[in-house]
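Taken together, the values in this text are just the output of simple stated rules run on the coordinates, not laboratory data. Everything numeric in this text was worked out from a predicted model, so none of it was measured. Note that each Cβ is placed from the backbone with ideal geometry, even for glycine, and that neighbours are counted across all protein chains shown.
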Amino acid sequence: MPLAAVTEDVEGAARAEKAPDAFRTIKEVSDHLDVPQHVLRFWETRFSQIRPVKRAGGRRYYRPADVDLLRGVRQLLHGQGYTIRGAQRVLREHGVRFVQAVGRGEAAADAPSPLETEPGQDSSAGEPARNAVADTGRAALAAALADLRACRVVLASLRLPPEE
């Protein structure tokens, strides 16, 4: 068995044996959330609620609550399409526990992101803007589908009859 495979098995076994309430390194969190380490560091600068414990040499250790919060931020940004400002707004309006619940799949953020509302407009009025975007997109898709069907008709008329 190659040395690399043995090393991977040992590292994997060590990760599997860690208690659920144990602190995690940035590498472990990065692997778990499928997010690069530099993105986690960037999120720390944008979300003041993300505060891992830092030990000597600046090593970061994330508590389980930190991991839940990061999972929620990831879900807001990557899963639900929020901007950084939109995710910050959800955190400010709904709190850390809500975003942690979003990360665990126990809640869904349905407030619109800042791109979907006009400046100065309250977030509850964002639903018509979201529907308008969806209607515009739907109309564009319908037009594209009609064009593709017309192309199919033209191409079918150009086909040569099968040779016998």
What would the Debye formula give as log10 I(q)/I(0) at q = 0.14, 0.18, 0.24 Å⁻¹ for the alpha-carbon point model of segment 10-116, no solvent? -0.54, -0.86, -1.38
Lys, Arg +1 and Asp, Glu -1 on Cβ, resulting dipole of segment 10-116 about Cα centre, debye, nearest 20: 500 debye
Measure off 7 Å from each Cα along the Cα-to-Cβ vector at Ala146 and Val96, then give the distance between these two points in nanometres to one decimal. 5.4 nm
His38/Glu106 FRET efficiency (R0 30 Å; Cβ-Cβ; nearest 0.05): 0.55
